[in-house]
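> A single structure is presented below for examination.
The values are calculated or read from the model by the stated rules, or taken from the named source; none is laboratory data. Source: prediction; values computed, not measured. So basically every Cβ, Gly included, is an ideal-geometry build from the backbone, and we count neighbours across all protein chains shown. We work out accessible area using only protein heavy atoms, side chains counted, and drop any ligands, DNA or RNA first. Shrake-Rupley method; radii C 1.70, N 1.55, O 1.52, S 1.80 Å.
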Amino acid sequence: MSATAIRIHESLLDPARAVVDDTLPSGEPYLLTIRQGQTLRIVDLEGNQAVDVIFYNAQDLAEHYSATDTMLAQGGIYLTTGSVLMSSEGRPMLTIVADTCGRHDTLGGACAAESNTVRYALQKKYMHSCRDNYLIALQHADIGLGKRDLVPNVNFFMNVPVTADGQLTFADGVSGPGKYVELRAEMDILMLVSNCPQLNNPCNAYNPTPARFLVWDAA
């Protein structure tokens, strides 16, 4: 399976007309419902910030984003303009309609206490992680989702090159201040976000920063 070509495409949407405009502090969780036909923009405000996201069907939470179905459908391992994010039921969930970063990761997964220990050091186990963020957000929401519902996620703005021998590497980001990705919802979506708190690899430039989320109604 090959890497998807970078396809830069700017948006014509006006932030002043957005019906949602939220800024998420560094290292924090976020939960948002996006209706079918609405457009979501995720903005990397300061550059090189990984935004870890899982999408669920808001009408049937058992249906969720599927990294494998998405990669198979598009024939590539990175997401960019034109990529369709597929569900566990093989249905389109969202389509990337604009992208000024050009490359987003589907393979690196979300950091957790366990992975921090394995990748870095035993004393890193207790550092805050994306998995913690997901669980905190779901516990507060009390909507029936928990640990078993955490599936492989999208890492927007994160650079995870695959080596010739099939290994994953965490590299400096290819994003920059103000870069964004826009997705049109093809069904009602529940979006679970961790604005990654990782300090041990370059995915956040060793300095987690805020992200911005805007939503526009269908024209």
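> Express the accessible area of the stretch 1-108 per residue in Å², computed with a 1.4 Å probe while the remaining protein chains stay in the model.
42 Å²
> For the pair THR95 and LEU12, how long in nm is the line joining their label points, each one 7 Å along Cα→Cβ?
Modelled inter-label distance: 1.6 nm.
> How do 55-67, 182-194 rank on mean C-beta neighbours within 10 Å, highest first? Walk me through the numbers on the way to the answer.
Values: 55-67: 18.5, 182-194: 22.5.
Result, highest mean Cβ count within 10 Å first: 182-194, 55-67.
> What's the ranking of 32-40, 8-16 by average number of surrounding C-beta atoms within 10 Å, highest first?
Ranked from most to least packed, the peptides come out as 32-40, 8-16.
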